[in-house]
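Right, one structure below, let's go through it.
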Amino acid sequence: MPHLASHAPGDRPSRSRIAVPAAVLRVAPPPRLVLFNAHGWQADLAHAHTVYVARADNAALRSHLRRLVHSPAAVALPPDGAAWALLEALHGEAAAVLAADATPTAAHALSATLHLLVARLAWDPAPLLDALAPTVDAPETLAVAAAVYAAVLAAAAGLREPEPLVLLALLAIATDRAAGDAATADRAETLRRLGLRAPALGPRERSTLAIARAFVQLTAAGDDATPLDHYDALLALAAHPERFDPRLLRTFVRVLGAEPQPADAADRRVA
C-alpha cells in the first residue's frame with residue numbers, strides 16, 4: 001500500500017489552533033486544556049472525531065502527549081492516533097534540542113522517545129509515514145520528518161539494531177542546522193553541547209541523512225513554498241546521483257511505495 005502523504009500539498013496548519021484526533025485525548029484527557037470544536041464552542045470529547053486546542057497551549061499539549069506515549073495507556077491508542085501523538089511529542093522534544101539553550105537533559109528526553117519511534121517503525125511504519133506533515137515555518141517538524149525518513153531508510157537498507165537507528169535519528173534532529181561535510185566542526189560542537197559524542201559517519205550514513213533532509217525540504221509545506229509531491233521530489237533527488245546514492249534512493253522509493261504505475265513508468269521513472 002503506498003505511503004504517500006495523506007495531507008494535501010496545499011494544506012496549511014492553522015495559526016490559531018491545533019487539530020487533535022479526539023481518540024487520542026479520550027485515552028488520556030489532558031488536564032487544564034480547553035478543547036474546542038470546529039465552530040469555536042467547547043468540544044464534546046466523548047463524541048467528537050477532531051477537537052481543537054489553542055496554539056498558545058501547544059507546549060502543554062506536547063508535554064501531555066509525551067507523558068502519554070511513555071505510559072501504559074498508549075497501548076489503547078489506535079494506530080493512526082498513536083503515530084500522531086508520537087510525532088507531536090517528538091516535535092516538542094526536537095524544539096527543545098534545536099533551541100539555543102539546549103541541554104543534555106533535552107537530548108536524553110528526545111533519545112528516549114526516539115526509541116519508541118524506532119520500535120514502532122520496526123512494527124509498522126505506515127501510520128507514521130502517513131502522519132508526517134512538515135512545514136518550513138516549524139523547524140522541529142522538518143527535523144523530526146528527516147529523522148523518521150532517515151531511520152526508515154536505514155532500516156530498509158539493512159540496519160536493524162535499535163541503538164544505531166536511534167543515534168541516526170538523533171543526529172538528523174540535533175544537527176539539522178549543521179549538516180554536510182563542510183560543517184563537521186559545527187556538528188561536533190552541537191553534539192558536545194548536548195552531551196553527545198560525535199560518531200564517525202560512513203558514506204552510507206551521510207547519504208541516508210542527505211536523502212532524508214533533501215526529501216523533507218522538497219515536500220514541506222510553507223507560506224512561500226510550493227511543495228513537490230513524493231514522485232517529483234524523488235525525481236529531483238535522482239537527478240543528482242553525485243549527491244545521493246542511487247542504490248539508497250531506490251530503497252527509499254520502495255519504502256515510500258512511490259514507484260510509478262506501469263501506465264506512466266516510461267516518463268516518470270525514478271531510477
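The values are calculated or read from the model by the stated rules, or taken from the named source; none is laboratory data. What you see is a predicted model, and the numbers here were worked out from it, not measured in a lab. In this analysis, Cβ positions are derived from the backbone assuming ideal geometry, glycine residues included, and neighbour counts consider all displayed protein chains.
Assorted remarks:
- Only one of VAL270, VAL253 that is buried (at least 16 other Cβ atoms within 10 Å of the Cβ), over 25 Å from THR175 (Cβ atoms) and modelled with pLDDT of 90 or more: VAL253
- Restricting attention to the range 233-245 and to residues that are touching a Ser or Thr at 6+ places or on another chain (Cβ under 9 Å) and not small (Gly, Ala, Ser), the residue that is modelled with the lowest pLDDT turns out to be ARG243.
- In the set LEU65, LEU86, only one residue is touching a Gly at 6+ places or on another chain (Cβ under 9 Å) and either closer than 13 Å to LEU128 by Cβ or surrounded by 17 or more Cβ atoms within 10 Å (Cβ to Cβ) (or both); that residue is LEU65.
- Only a single item in (1) assigned to a helix (DSSP H, G or I); (2) at pLDDT 90 or above; (3) not aromatic (Phe, Trp, Tyr) is not met by ALA263, and it is number (2).
Every residue, every condition in (1) part of a helix (DSSP H, G or I); (2) surrounded by fewer than 20 Cβ atoms within 10 Å (Cβ to Cβ); (3) among the aromatic types (Phe, Trp, Tyr); (4) modelled with pLDDT of 95 or more, yes or no:
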{"residue": "ASP130", "(1), (2), (3), (4)": "yes, yes, no, no"}
{"residue": "LEU142", "(1), (2), (3), (4)": "yes, no, no, no"}
{"residue": "LEU153", "(1), (2), (3), (4)": "yes, no, no, yes"}
{"residue": "GLY158", "(1), (2), (3), (4)": "no, yes, no, no"}
{"residue": "ALA172", "(1), (2), (3), (4)": "yes, no, no, no"}
{"residue": "ASP176", "(1), (2), (3), (4)": "no, no, no, no"}
{"residue": "ALA179", "(1), (2), (3), (4)": "no, yes, no, no"}
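- Looking across the range 63-109, the residues that are more than 23 Å from ALA19 (Cα to Cα), among the hydrophobic types (A, V, I, L, M, F, W, C) and either outside any helix (DSSP H, G or I) or under 13 Å from the mean Cα position of the chain (by Cα) (or both) come down to ALA99, ALA100, ALA102.
- Single residue of the range 160-170 satisfying the filter (assigned to a helix (DSSP H, G or I) and free of Cβ contacts under 8 Å to residues at least 40 places away in the same chain) that is nearest to HIS91 (Cα to Cα): LEU167
- Taking (1) among the hydrophobic types (A, V, I, L, M, F, W, C); (2) within 11 Å of the chain's Cα centre (by Cα); (3) under 24 Å from ARG160 (Cα atoms) in turn, ALA133 satisfies each apart from (3).
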